[in-house]
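Notes follow the structure.
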Amino acid sequence: MSHLYAVRMDVALPPDMDPAARDDLLAREKAYSQRWQRSGHWPHIWRCVGQYANLSIFAVDSNEQLHQILWGLPLFPYMSITVTPLSPHPSDIAQDPAQSDTAQDGAALDPASRGSAAADPSYD
Ligand SMILES: O=C(O)C[C@H]1C=CC(=O)O1
């Protein structure tokens, strides 16, 4: 599970879809999605606010595995999918434990505390 991807899925169901078929499709989609979530390969899914879309993170072994997961989505025929491969950012403090103690720096960056800290010329 070494490759991370951000995947955006935009869903467009036909407005005239039979309601029972729609309910069945969505139930199958939910079960399929939750199986992959439980496996650890789909660790995050977020709703894109105000849209029938989600932004998900996948952790998979290969492009091929991601392709198979996405291809198997019951909603796949009704989705536009955008895949963005991810790699660690060099500024990410989570990649460097020595940088993760942010209490002091965080206070300096907090707009509420800027008045005193930013105005103090001895502050660095
Ligand atoms: O509602 C969605 O965003 C579409 C889809 C993706 C997973 C799932 O359960 O539904």
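The values are calculated or read from the model by the stated rules, or taken from the named source; none is laboratory data. The structure presented is a predicted model; accordingly, all values stated were derived computationally and were not measured. Heads up, the Cβs are rebuilt from the backbone with ideal geometry, glycines too, and the neighbour counts pull from every protein chain shown. These accessible areas exclude ligands, DNA and RNA; they are computed on the full protein's heavy atoms, side chains included. Shrake-Rupley method; radii C 1.70, N 1.55, O 1.52, S 1.80 Å.
Select from segment 63-79 the residues that are touching a strand residue (DSSP E or B) at 6+ places or on another chain (Cβ under 8 Å) and in a helix (DSSP H, G or I) and write down the one among them that is farthest from the ligand (Cβ to nearest atom). Per the criteria, the residue is Asn63.
Listed by first and then second residue, the pairs linking a residue in segment 47-62 that is at pLDDT 95 or above to a residue that is more than 7 Å from the ligand (Cβ to nearest atom) and of a type in the set (Val, Ile, Thr), with Cβ atoms under 8 Å apart and 6 or more places separating them unless they lie on different chains, are Leu55/Val7; Ser56/Val7; Ile57/Val7; Phe58/Val7; Phe58/Ile69; Val60/Ile69.
How many of the residues in segment 41-50 are open to solvent by 30 Å² or more (accessible area, probe 1.4 Å) and more than 10 Å from the ligand (Cβ to nearest atom)? Number of matching residues: 4.
Looking across segment 1-31 at every residue that is open to solvent by 30 Å² or more (accessible area, probe 1.4 Å), within 15 Å of the chain's Cα centre (by Cα) and more than 13 Å from the ligand (Cβ to nearest atom), the one that is farthest from Tyr78 (Cα to Cα) is identified as His3. Just to be sure, is Gln34 in a loop (DSSP other than H, G, I, E, B), open to solvent by 30 Å² or more (accessible area, probe 1.4 Å) and within 12 Å of the ligand (Cβ to nearest atom)? Criteria not met by Gln34.
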